[in-house]
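The values are calculated or read from the model by the stated rules, or taken from the named source; none is laboratory data. Keep in mind it's a predicted model, so treat the numbers as computed, not measured. Using ideal geometry, Cβ is built from the backbone for each residue, glycine included, and neighbour counts are taken over all protein chains shown. The area values use the complete protein model at the heavy-atom level, side chains included, leaving out ligands, DNA and RNA. Shrake-Rupley method; radii C 1.70, N 1.55, O 1.52, S 1.80 Å.
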Amino acid sequence: MTPVVCIAGATGWTGRALVRAVAEAPDLTLGSAVSRSAAGRDLGEALDGAALGVPVRASVPEALDGIDVLVDYTSATAVKANVLAAVEAGVAVVIGTSGLTAEDYAQIDARAHARGAGVIAAGNFSLTAAMCQAAALLAARHLPQWEVIDYASATKPDVPSGTARELAERLGQVRAPAVGRPVDEIDGPLEARGAAVGGTQVHSVRLPSFVVSTEVVFGMPDERLTIRHDAGGTPEPYVAGTLLAVRRVRERVGLTRGLDTLLLEGA
């Protein structure tokens with residue numbers, strides 16, 4: 001059966017690209033959308049195009065009737081409530097919004113298992129970002145010491161980015177990195193050593209010209225490995241990965257983190 005999709009954040013930067021992609025996909029149906037600024041309108045007209053026959057609602061609970069998969073690209077302050085509302089309704093969820101913590105994901109996983117719903121979350125649905133993360137997780141099995149540098153625009157409200165947070169937390173699941181000198185034993189401001197996320201030190205840089213770039217640096221005596229992903233200024237890189245998750249999420253129960261998990265299954 002063709003899954004019916006709701007896009008929350010449909011008038012946003014990534015949401016607009018996803019609307020077009022879902023509407024054009026022969027195996028997906030766009031059933032509703034969520035946008036507070038465009039609530040009550042037809043989605044196509046809200047995006048300055050032809051009518052699509054897709055209603056825009058003000059909140060996720062209002063938009064779930066007849067929906068199989070919710071795609072959330074909203075905000076860090078709204079995403080958790082949106083996801084839990086969908087899971088409680090038995091709707092599968094694809095999370096593209098950043099800002100959720102490991103504790104948030106644990107709660108979502110528990111509720112998803114209880115309701116028999118699938119949830120796929122990725123800090124970055126870009127295929128190249130997924131391969132960057134997969135390479136870092138492989139390297140962490142063999143290289144004992146690393147730190148993460150998170151670059152984003154000067155106005156990005158959440159730190160670290162979802163890409164960097166997910167990477168750090170999943171590196172911590174491989175093992176804890178070795179420490180040359182414990183942070184609480186250094187001289188000077190402790191903040192200069194970054195924040196510990198999943199046991200990994202993460203340094204967030206916020207400057208103009210960056211969109212989202214994530215770098216993990218592995219250090220060994222007399223050698224160093226840097227794995228880095230850079231995103232450009234359009235949302236197009238995130239579309240294919242998001243649609244892959246939409247097509248796969250109803251097969252699952254509970255939370256799956258990382259697009260690389262889907263890409264490498266069976267490899």
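Averaging the Cα positions of each part gives two centres, and for the stretch 125-201 and the stretch 1-52 these lie 34 Å apart. Among the trypsin sites (Lys or Arg not before Pro) within the stretch 209-260, those in coil by DSSP and having at most 16 neighbouring Cβ atoms inside 10 Å are ARG252.
In terms of its alpha-carbon gyration tensor, the stretch 1-80 comes out rounded; the largest-to-smallest axis ratio a/c stays below the 1.5 threshold. Bridges between two residues of the chain, per DSSP, are antiparallel at a rate of about 40%. Need one word for the stretch 129-196: rounded, prolate or oblate. Basis is the Cα gyration tensor (sqrt eigenvalues a ≥ b ≥ c); a/c below 1.5 gives rounded, then a/b vs b/c decides. Verdict is oblate for the stretch 129-196. This model, with +1 at the C-beta of Lys and Arg and -1 at the C-beta of Asp and Glu, gives the stretch 103-247 a dipole about its Cα centre of some 460 debye. Based on Cα atoms of the stretch 49-141, Rg over Rh with Rh as the Kirkwood radius reads 1.04. Solvent-accessible area per residue in the chain equals 46 Å², computed with a 1.4 angstrom probe and all protein chains kept. Note on the chain: with charges restricted to the Cβ of Lys and Arg (+1) and Asp and Glu (-1), its dipole about the Cα centre is near 240 debye. For the chain, adding -39500 (n - 2.57) for each run of n ≥ 4 DSSP H residues and dividing by the number of residues yields -9000 deg cm²/dmol at 222 nm.
Projecting the Cα atoms of GLY90, LEU100, HIS142 onto the dipole axis of the chain, where Lys and Arg carry +1 and Asp and Glu carry -1 at the beta carbon, places GLY90 farthest toward the positive end.
For THR226, the solvent-accessible surface computed with a 1.4 Å probe is close to 70 Å², ligands and nucleic acids excluded. Apolar share of the accessible surface for the chain: 53 percent from carbon plus sulfur atoms, 1.4 Å probe.
Note on the stretch 213-267: with charges restricted to the Cβ of Lys and Arg (+1) and Asp and Glu (-1), its dipole about the Cα centre is near 400 debye.
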